[in-house]
């Protein structure tokens, strides 16, 4: 019961900020298609996990279908993003680009409102790769920091991650059965691999489990 309360307290600040706005996500611009598609998919999954309300892919794709390459051009990008915002009935459009540099991951981002005003920009935002972790987990940790830096709540609001971090210590200080059991479930939920990775881990655990020893048969002497 305590674990559930901790998890709800952890999610509520992020949901409260993100639920106030509907965001149209422009396709992530990338240097290489393979790495880019994987990162774009992981990025949108992370947005969903943090409770961000996204415009559907089909709606965004339909609006961009007349654009060359189905993306907003570099020239007049802000105006194109503003039109995307209007036509999808979003509150703001999020544009991102990704460069998989060897030592670091580099992102650019821009939030454009329907009136064409650029609300926020991030240029050359660098995140070191976490070499000691599994790639999937390391990428998700990077994306969590990137989403926090985007501060997708209302303009001028504190990032959801900062609000969450401030709320975390309280449950651990309350008297209860065990501080360890009360504090552990929330962090575990954040770094849990994406759903697609779970079946493999489950299968590996089943394969690794030794078969039960057979009982010796009794024979009549």
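Laid out as a table, the results:
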| item | result |
| --- | --- |
| Failed item in (1) modelled with pLDDT of 95 or more; (2) closer than 18 Å to residue 149 by Cα; (3) surrounded by 20 or more Cβ atoms within 10 Å (Cβ to Cβ), with residue 108 passing the rest | (3) |
| Condition met for residue 166 (out of contact with any helix residue (DSSP H, G or I) (no Cβ under 8 Å at 6 or more places or on another chain), exposed (fewer than 12 other Cβ atoms within 10 Å of the Cβ), in a helix (DSSP H, G or I) and modelled with pLDDT under 75) | yes |
| Tabulated pairs, region 99-121, first on the phi > 0 side of the Ramachandran plot and in contact (Cβ under 8 Å) with a residue 24 or more places away in the chain, second surrounded by fewer than 19 Cβ atoms within 10 Å (Cβ to Cβ) and not in a strand (DSSP E or B), C-beta under 7 angstrom, 6+ apart or interchain | 116/78; 116/79 |
| Residue satisfying all of: in region 43-65; in contact with a helix residue (DSSP H, G or I) (Cβ under 6 Å, 6 or more places away or on another chain) and assigned to a helix (DSSP H, G or I); farthest from residue 109 (Cα to Cα) among these | 63 |
| Any hit, region 77-88, residues being closer than 29 Å to residue 129 by Cα, touching a strand residue (DSSP E or B) at 6+ places or on another chain (Cβ under 8 Å) and surrounded by 20 or more Cβ atoms within 10 Å (Cβ to Cβ) | no |
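The values are calculated or read from the model by the stated rules, or taken from the named source; none is laboratory data. The shown structure was predicted, so the numbers you read here are calculated from the model rather than taken from an experiment. Methodologically, a virtual Cβ is constructed for each residue, glycine included, from the backbone with ideal geometry; neighbour enumeration extends over all protein chains shown.
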